[in-house]
């Protein structure tokens with residue numbers, strides 16, 4: 001029954017998406033009153049659809065929880081002996097389930113937008129909901145026509161074939177859905193952008209409606225990338241945290257676009273400038289998330305490590321991509337020139353700094369896009385090339401370094417027009433920190449140019465992040481300003497971690513027999529023993545290490561080399577000791593022959609990575625900044641709405657008292 | 001209408017066309033050697049087990065073109081191609097094997113079970129020769145002419161329909 | 001989404017178990033004694049592609065072939081070869097695919113031309129957006 005109800009809910013949701021699309025389009029014809037009345041169905045369709053899609057996903061979740069082996073998806077991706085938590089996370093650890101999660105979140109955001117948002121002009125709202133319905137429709141079609149998650153097996157399976165062991169890790173179980181939520185948030189921003197473009201209402205009010213969605217998407221993307229990077233770091237067993245591989249780039253590109261969009265939409269909200277930019281970035285951000293999905297699932301680029309690869313699905317996503325992105329870019333091309341550019345500003349203004357950094361972010365995005373897609377282009381001509389860190393790092397830095405410099409100064413500038421002389425003190429302070437740090441690091445040792453620049457910039461940025469507080473009363477600083485400070489500080493912290501890791505990491509690889517001691521960066525690490533251990537669905541070789549720092553108390557470490565048996569697969573579980581100034585990272589590898597005394601030797605890999613954790617602390621700070629900004633904006637918004645409402649009531653009372661005045665109109669609330 | 005606003009659309013259409021084209025293409029995951037038509041590097045490998053002599057570059061010089069078969073007893077596709085190697089041997093082709101990271105007893109077992117088409121087998125315990133000739137995996141088969149030049153690379157196991165092609169190439173490079 | 005790569009990486013590890021009786025090449029998992037040489041080797045290995053995993057550098061892989069390639073790199077650096085010569089040596093065998101560091105060539109020039117074009121384009125956009133406005137002042 002579960003599967004049938006789930007499938008029925010999905011079909012109904014599809015029908016409602018069609019209704020939403022049609023009603024939304026009709027809502028644009030305001031000349032016809034009957035048609036306009038029909039448009040009210042768009043909102044209701046979105047709300048009910050949200051309920052149905054979430055119900056459908058909930059039912060699949062339930063089927064996984066009870067391991068209903070008559071459902072093909074459960075039988076091929078789960079196992080009755082798995083811990084419950086991994087049964088649940090297994091729901092989205094496969095193509096069909098993750099697409100259902102995607103549409104459920106998409107429908108939920110559509111429902112929230114339709115149900116709660118009253119500030120936007122009705123016609124723009126209709127257009128937005130129509131676009132949202134159209135986007136959702138494509139994904140419903142995808143699910144129902146080529147990846148039905150509720151497909152039954154003719155005969156129920158006796159036992160499930162298990163979940164990829166790498167997904168049996170809490171970090172990884174959470175990381176993909178976090179990214180999906182981010183992608184979906186960008187789809188709402190996209191619908192809003194297309195809605196506003198259709199009705200030519202690219203106004204500050206529209207920007208204020210769009211901003212929380214962009215912030216929301218951006219927070220989730222940040223968290224998703226942070227979690228993914230930390231997962232790769234501790235799970236892959238070689239201490240790397242970013243590899244510039246296509247799948248990672250696929251998640252980075254929407255983030256870059258969303259970051260630019262976030263700043264652009266803020267300018268539009270505050271100053272009514274950058275109208276076409278905001279629309280373009282709205283389209284771009286969603287394009288990048290669709291592109292990422294396409295690259296990961298179609299296998300055109302990297303089928304060896306792509307997820308749930310299937311050319312048929314790839315074709316489907318490409319068609320969707322063509323419809324959404326091709327369509328929106330075509331509309332953009334035709335209509336963009338009809339949108340006035342908006343208010344003007346000078347180069348030395350906050351808008352000026354934001355424009356500069358948006359251009360830099362877009363350029364970085366272009367570099368990542370080029371480097372990711374270039375191998376695809378050459379393969380069309382049967383030439384295989386590799387593009388990796390030695391390309392991305394310097395090419396990205398060309399644009400990242402000026403961006404960080406402007407980022408330090410930008411928040412100190414005033415809107416519209418400012419004189420650099422006004423912030424002379426701050427400029428001198430930032431410049432002296434920067435130069436001082438470069439000189440200091442250059443004296444300390446011989447490090448790569450990028451590492452030195454990164455370290456110096458991070459210190460200067462960290463200090464600059466707090467400068468906007470100068471001359472403000474701490475208690476009265478708006479929450480959204482704190483959000484900005486937090487996020488910019490997060491960038492500095494993250495950058496510091498990255499530069500420090502690349503400059504100061506120490507590595508020790510050794511083949512050792514139990515009883516041997518290795519030294520690394522003030523740590524003494526002894527291999528005490530190596531023993532076989534067993535878990536619920538795996539067996540492993542476990543090393544016992546004791547590590548002590550500068551002769552201090554010994555801490556026990558137990559890295560494992562695991563072998564899962566359903567399905568059969570090997571993983572390495574690294575062991576970490578976290579200190580405020582870095583992490584000790586230990587991995588046990590294969591056997592490495594016999595030593596002179598006839599003892600079995602093992603591969604041991606140890607790293608000391610100074611301040612590596614700052615990379616992810618920074619990511620968390622950035623997200624926290626985003627959350628503070630959302631809370632701050634929503635609070636201000638609610639307060640204003642209440643004030644307007646009170647004002648309206650008072651006026652209504654007054655009008656009633658005077659009896660001579662005409663009754664107040666139900667005017668749209670000014671924000 | 002300003003043309004600048006059409007640039008994103010144009011770029012996108014270019015990408016979509018490329019991606020669409022690539023979706024229709026058979027995905028080629030192999031890494032081809034860049035050593036084709038170059039001279040076989042100097043090498044001298046110990047015997048992989050005590051039944052056959054080891055292999056060196058000298059063994060390819062003079063006489064008919066020969067096959068250099070990179071294989072291993074732990075490699076499953078190598079079992080699949082064993083009958084085809086046997087056919088080639090029956091057609092008079094000399095096959096010199098290079099066993100990758102293999103133990104003598106495993107080599108002997110493999111040959112006892114799946115047949116021995118080789119005249120010599122060199123042991124390459126650290127993939128040194130494999131890397132020298134640009135072989136990225138196991139099994140791979142190279143056609144070496146009488147002057148010691150690498151003329152052709154076959155990646156993966158040799159299927160039945162590959163045999164005539166290999167014979168033709170061996171004929172062509174005489 | 002890194003697990004996708006890990007998946008592959010782990011698949012490589014299964015055959016590794018089947019042949020674990022043979023010890024890896026001497027320098028596959030052993031550092032060079034001279035830290036300066038080891039640093040050179042590591043920097044190079046980070047930019048060479050593991051051909052059996054397709055998406056990891058040989059410095060980040062447990063695949064036996066990656067270990068054998070590390071041995072080649074380390075022993076050649078120990079013998080006094082320049083890292084870039086070792087890279088060229090590998091490219092001569094496997095083509096550009098083996099190196100993550102694209103060199104300017106007839107097949108890769110757009111990778112270098114586009115960033116330069118981007119710099120020009122960025123300058124153009126910025127002058128268009130900011131330069132012009134500046135003259136108009138607060139229009």
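The values are calculated or read from the model by the stated rules, or taken from the named source; none is laboratory data. The shown structure was predicted, so the numbers you read here are calculated from the model rather than taken from an experiment. Quick reminder, even Gly has a Cβ in these numbers, built from the backbone with ideal geometry, and neighbours come from all protein chains shown.
Highlighted here are the helices (runs of 4 or more DSSP H) found entirely within the range B:94-174 that include at least 3 residues which are surrounded by 20 or more Cβ atoms within 10 Å (Cβ to Cβ): B:104-114, B:128-132. Taking the conditions (1) within 9 Å of another protein chain (Cβ to nearest Cβ); (2) closer than 30 Å to residue C:99 by Cβ; (3) not in a loop (DSSP other than H, G, I, E, B) in turn, residue B:69 satisfies each one other than (1). Listed here are the strands (runs of 3 or more DSSP E) enclosed by the range A:521-623 that have at least 1 residues being within 30 Å of the chain's Cα centre (by Cα) and more than 14 Å from chain C (Cβ to nearest Cβ): A:575-579, A:582-594, A:600-610. Would you confirm whether any residue within the range A:217-224 is in contact with a helix residue (DSSP H, G or I) (Cβ under 8 Å, 6 or more places away or on another chain), within 14 Å of chain C (Cβ to nearest Cβ) and surrounded by 24 or more Cβ atoms within 10 Å (Cβ to Cβ)? Yes, there is a match, as at least one residue in the range A:217-224 is in contact with a helix residue (DSSP H, G or I) (Cβ under 8 Å, 6 or more places away or on another chain), within 14 Å of chain C (Cβ to nearest Cβ) and surrounded by 24 or more Cβ atoms within 10 Å (Cβ to Cβ).
For the range A:385-397, does any single residue satisfy the condition of being within 13 Å of chain C (Cβ to nearest Cβ), without any contact (Cβ under 8 Å) to a residue 12 or more places away in the chain and not in a helix (DSSP H, G or I)?
Taking the range A:385-397 and keeping what is within 13 Å of chain C (Cβ to nearest Cβ), we get A:385-397.
Of the ones still in play, those that are also without any contact (Cβ under 8 Å) to a residue 12 or more places away in the chain are A:385-386, A:390.
Checking which are not in a helix (DSSP H, G or I) leaves us with A:385-386.
Checking the range A:385-397: at least one residue is within 13 Å of chain C (Cβ to nearest Cβ), without any contact (Cβ under 8 Å) to a residue 12 or more places away in the chain and not in a helix (DSSP H, G or I).
Of the residues C:103, C:84, C:92, only one is more than 9 Å from chain A (Cβ to nearest Cβ), surrounded by fewer than 19 Cβ atoms within 10 Å (Cβ to Cβ) and not in a helix (DSSP H, G or I); which?
Numbers: C:84 fails: not in a helix (DSSP H, G or I); C:92 fails: not in a helix (DSSP H, G or I).
The conditions single out C:103.
Could you run through the range C:40-62 and say how many residues are farther than 28 Å from residue A:594 by Cβ and either at pLDDT 90 or above or under 12 Å from the mean Cα position of the chain (by Cα) (or both)? Working first, answer last.
Let us first name the residues in the range C:40-62 that are farther than 28 Å from residue A:594 by Cβ, namely C:40, C:43-44, C:46-49, C:51, C:53-57.
Filter again for either at pLDDT 90 or above or under 12 Å from the mean Cα position of the chain (by Cα) (or both), leaving C:40, C:43-44, C:46-49, C:51, C:54-57.
Going through the range C:40-62 one residue at a time, the tally reaches 12.
So if I check each of A:586, A:561, A:592, which one is surrounded by fewer than 22 Cβ atoms within 10 Å (Cβ to Cβ) and under 20 Å from residue C:24 (Cβ atoms)? Lay out the reasoning, then the answer.
Numbers: A:586 fails: surrounded by fewer than 22 Cβ atoms within 10 Å (Cβ to Cβ); A:561 fails: surrounded by fewer than 22 Cβ atoms within 10 Å (Cβ to Cβ).
Result of the check over A:586, A:561, A:592: A:592.
Within the range A:417-436, the set of residues being part of a loop (DSSP other than H, G, I, E, B) and buried (at least 19 other Cβ atoms within 10 Å of the Cβ) comprises A:417, A:418.
Taken over the range A:6-37, residues that are more than 32 Å from the chain's Cα centre (by Cα) and over 19 Å from residue A:113 (Cβ atoms) amount to 9.
Quick check: anything in the range B:22-31 in a loop (DSSP other than H, G, I, E, B), modelled with pLDDT of 90 or more and within 11 Å of another protein chain (Cβ to nearest Cβ)? The answer is no, given that none of the residues of the range B:22-31 is in a loop (DSSP other than H, G, I, E, B), modelled with pLDDT of 90 or more and within 11 Å of another protein chain (Cβ to nearest Cβ).
Taking residue A:202, is it more than 13 Å from chain C (Cβ to nearest Cβ), modelled with pLDDT under 90 and crowded, with 22+ Cβ neighbours inside 10 Å? So residue A:202 passes the test.
Results for (1) within 13 Å of chain C (Cβ to nearest Cβ); (2) touching a residue at least 60 places away in the same chain (Cβ under 8 Å), shown as yes or no for each residue.
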{"position": "B:48", "(1), (2)": "yes, yes"}
{"position": "B:77", "(1), (2)": "yes, yes"}
{"position": "B:80", "(1), (2)": "no, yes"}
{"position": "B:84", "(1), (2)": "no, yes"}
{"position": "B:107", "(1), (2)": "yes, no"}
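Restricting the range A:323-354 to residues that are modelled with pLDDT of 90 or more and under 15 Å from residue A:267 (Cα atoms), which is surrounded by the fewest Cβ atoms within 10 Å (Cβ to Cβ)? Top of the filtered list is A:353. Tell me whether the range A:306-317 contains one or more residues that are within 9 Å of another protein chain (Cβ to nearest Cβ), buried (at least 21 other Cβ atoms within 10 Å of the Cβ), part of a helix (DSSP H, G or I) and touching a helix residue (DSSP H, G or I) at 6+ places or on another chain (Cβ under 8 Å). Yes, the range A:306-317 contains at least one residue that is within 9 Å of another protein chain (Cβ to nearest Cβ), buried (at least 21 other Cβ atoms within 10 Å of the Cβ), part of a helix (DSSP H, G or I) and touching a helix residue (DSSP H, G or I) at 6+ places or on another chain (Cβ under 8 Å).
The single condition from (1) touching a residue at least 12 places away in the same chain (Cβ under 8 Å); (2) over 18 Å from residue C:47 (Cβ atoms); (3) more than 7 Å from every other protein chain (Cβ to nearest Cβ) that residue A:363 fails is (3). Take the conditions (1) within 25 Å of the chain's Cα centre (by Cα); (2) surrounded by fewer than 18 Cβ atoms within 10 Å (Cβ to Cβ); (3) away from every other protein chain (no Cβ under 11 Å); residue A:414 misses just one of them, which is (1).
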